[in-house]
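Notes to accompany the following structure.
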Amino acid sequence: APITALAPSAAFYSASGKDYAPAGSHYSFPATDPVAEQVASGAASTSYRTGQVTGGVYAPSGFQVYGSTFSLAEGIRRVEFRSIDNIGNEELLKGATVHVDATTPASTLSVGTPQYAAGGGAPVIVSTATPVTLAAQDPESQEVASGVQVIRSRQDAAAFAPYSSPFTLTGGDGLKTI
């Protein structure tokens, strides 16, 4: 019988026993028919079905013949598949659960003291001792949140760099952009 795998176009990120994938990833099914006693007829076709898992309940679609790559919508998705070789040997059904995350993280900026905020959309005035703190969270959507990998920031036109702790503004007086 053939051997089939689920192949994503972008590597899965695995955490806490879950496989996460970004939205827009494409999936394919490479299938081979291994040689057994010097005979292999070749993989003839692959069938698959997908479905959403909501509250732990799987709602599958019907099986379809695989023809080209496909993508999955945001949420917990189950993909089940099997191939058949040219003489009718059928592979046992295989499956994978993919947590597709299409929701971007949300970042916040907090300005410590001392500061002066005039309001009305005017810039906040700070000193070189005023700490600036960044935070981010990955909001859950469709029961999926892969988490925040890194927060990156920059001051003015500098290169983006990973954020790890509160910082102060540098470069003297004037308008600054974070």
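The values are calculated or read from the model by the stated rules, or taken from the named source; none is laboratory data. Keep in mind that what you see is a predicted model, and the values were worked out from it rather than measured. Note that we place each Cβ from the backbone using ideal geometry, even for glycine, and neighbour counts take in every protein chain shown. Accessible surface is based on the protein model in full, side chains and every heavy atom, while ligands, DNA and RNA are left aside. Shrake-Rupley method; radii C 1.70, N 1.55, O 1.52, S 1.80 Å.
What to note about this one:
- Of all residues making up the stretch 41-61, the number that are β-branched (Val, Ile, Thr) and either open to solvent by 40 Å² or more (accessible area, probe 1.4 Å) or at pLDDT below 90 (or both): 2
- Selection of the stretch 1-40 for residues being outside any strand (DSSP E or B), hydroxyl-bearing (Ser, Thr, Tyr) and surrounded by 10 or more Cβ atoms within 10 Å (Cβ to Cβ) yields Ser9, Ser25.
- Applying the criterion of being hydrophobic (A, V, I, L, M, F, W, C) and open to solvent by less than 80 Å² (accessible area, probe 1.4 Å) to the residues of the stretch 151-177, the residue that is farthest from Val132 (Cα to Cα) is Ala158.
- Cβ pairs under 7 Å, 6+ apart, first in the stretch 62-84 and in a loop (DSSP other than H, G, I, E, B) and modelled with pLDDT of 95 or more, second open to solvent by 60 Å² or more (accessible area, probe 1.4 Å) and not basic (Lys, Arg): Thr69/His26; Ser71/His26; Glu74/Gln142
- Taking first residues from the stretch 116-133 that are open to solvent by less than 50 Å² (accessible area, probe 1.4 Å) and partners that are basic (Lys, Arg), no Cβ contact under 9 Å between residues at least 6 apart in sequence or on separate chains turns up.
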